[in-house]
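Colleague: Got a structure for you, written out below as structure tokens; questions coming shortly.
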Amino acid sequence: MQITILMILSFSFLIHGTASDACRDRLRTRACKNLLRNYRLKGIEGCKWKSVKSICALTCNSCVVKPKCALETSKYGCCWDKKTEAKGFYGEGCPECTDRYPKYCQRRTSILSTKRACDERGKAFCPKSCSVCRLRAPAQSIQDCFFSPHGCCWDYSEAEGPNGEGCMECRDQYPNVCTLWYDFCDPDALKYKVLRQSVEFIKANCPVTCKKCQPGQRLLKSSRNLNERL
């Protein structure tokens, strides 16, 4: 298996320390600058990545206090406005998504292209017209393993026997690397073609970090033979 730049950076991270202070570089400042320069050579703004901002907070000038809803302790996360804490999984307790200036937004979106109308300013003033308010995700199709005799493993392969027999145990193959580059789990990470190998590496080897399963899990929690339920 290939040894990527992720391994090298992780090793440097461990040598320099694991301080959690958000307003300092967790790598050496020179290493942060070199990392960002390498990203720029590939046409990527490195400080846009959550993991890079966490490791190189001082260099990225990203020492900003997170809203309560963005913390790991938040049960339901943030509403569409990215600052109000939701009261449920489907947006309960969130403010209604409306344009701040309806007439202005209507005119703006009618005379400008979508890209120009819904730039940073447009999204702030016209969240409804610019579709900032997220819709519910469409229902997922049922996996074949749900119809198998012993249900699904956590990775949606078919279990070979009861109690997850034949299923691979859920664990991160490279815990330190996974922790360092957790934002490569984001689906949007694949839009950067030059990072495709690294993104695919993280997604394949970091199922716990990418929240595909719980440590030690074998069976999919909701997996029971569908034929028994129909």
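Colleague: Take the conditions exposed (fewer than 15 other Cβ atoms within 10 Å of the Cβ) and part of a helix (DSSP H, G or I) and apply them to Ala189. Does it pass?
Modeller: It is false that Ala189 is exposed (fewer than 15 other Cβ atoms within 10 Å of the Cβ) and part of a helix (DSSP H, G or I).
Colleague: Could I ask something else about it? Would you call Asp21 over 20 Å from Cys178 (Cβ atoms), acidic (Asp, Glu), surrounded by 15 or more Cβ atoms within 10 Å (Cβ to Cβ) and modelled with pLDDT under 85?
Modeller: no
Colleague: Now for a different question. So for segment 85-102 (the condition being loosely packed, with under 12 Cβ neighbours inside 10 Å, modelled with pLDDT of 90 or more and not in a loop (DSSP other than H, G, I, E, B)), does at least one residue qualify?
Modeller: For segment 85-102, residues loosely packed, with under 12 Cβ neighbours inside 10 Å, modelled with pLDDT of 90 or more and not in a loop (DSSP other than H, G, I, E, B): absent.
Colleague: Which number in (1) at pLDDT below 85; (2) within 18 Å of the chain's Cα centre (by Cα) marks the one condition that Ile202 misses?
Modeller: Of (1) at pLDDT below 85; (2) within 18 Å of the chain's Cα centre (by Cα), only one is false for Ile202: (1).
Colleague: Picking from Gly151, Gly161, which residue would you name as being more than 30 Å from Glu45 (Cα to Cα), among the small types (Gly, Ala, Ser) and touching a Ser or Thr at 6+ places or on another chain (Cβ under 7 Å)?
Modeller: From the options Gly151, Gly161, the qualifying one is Gly151.
Colleague: On to the next question. It is to be established whether one or more residues within segment 173-183 are in contact with a Phe, Trp or Tyr (Cβ under 8 Å, 6 or more places away or on another chain) and at pLDDT below 90.
Modeller: yes
The values are calculated or read from the model by the stated rules, or taken from the named source; none is laboratory data. No experiment lies behind these values; they were computed from the predicted model shown. No Cβ is skipped: glycine too gets one built from the backbone with ideal geometry, and neighbour counts run over all protein chains shown.
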